[in-house]
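Shown next, in structure tokens, is the structure this report addresses.
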Amino acid sequence: FTQKVTVYELDPAAAVGFALGPAVSAALRGAVKAALEHTRLSVLGPGAFRQVQLDVSLLRQMLPFFVHDTQEHEDLLVQVLVAAADRAVDAHSPGLDAQQLSSLVSNEQSRVLGLCRG
């Protein structure tokens, strides 16, 4: 057998449809699913629950900068919040209210976008 078989006629990355958008979306989906599983296996104190709230809110605000179709990621983030609420030690402990959450997320989003812009 001396015949050469061509597997890819183009660039291998182009042949499998690799593009930055789907790769970022898949990586983000994997990270959120890992956070979801970690949350399901954890016991969260009041501070940890508030941190999960803050992280999920920041991710929600930042999603449009990284992925075009945010619905699947939004659904996963809601699951993370539900799991965090289920695993909170003090179910009656209030999390962050909407105003606190909005202020913290806005400040952090500005900081992150400033770092990205250089």
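No value in this document is a laboratory result; all are computed from the given coordinates. On a predicted model such as this, the values are computed, not experimentally measured, just so you know. As a convention, Cβ positions derive from the backbone with ideal geometry for all residues, glycine included, and neighbour counts pool all protein chains shown.
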Checklist entry - What residues qualify as long-range amide H neighbours of LEU44, i.e. H under 5 Å apart, gap of 5 or more or another chain, H built at 1.01 Å from N? => result ALA88, VAL89
Checklist outcome for this item: Heads up, region 43-118 by the C-alpha gyration tensor (a ≥ b ≥ c square roots of eigenvalues; a/c under 1.5 rounded, else a/b over b/c prolate, else oblate) looks oblate
Checklist outcome for this item: Lys and Arg at +1, Asp and Glu at -1: neighbours of SER106 with Cβ under 15 Å from its Cβ sum to -1
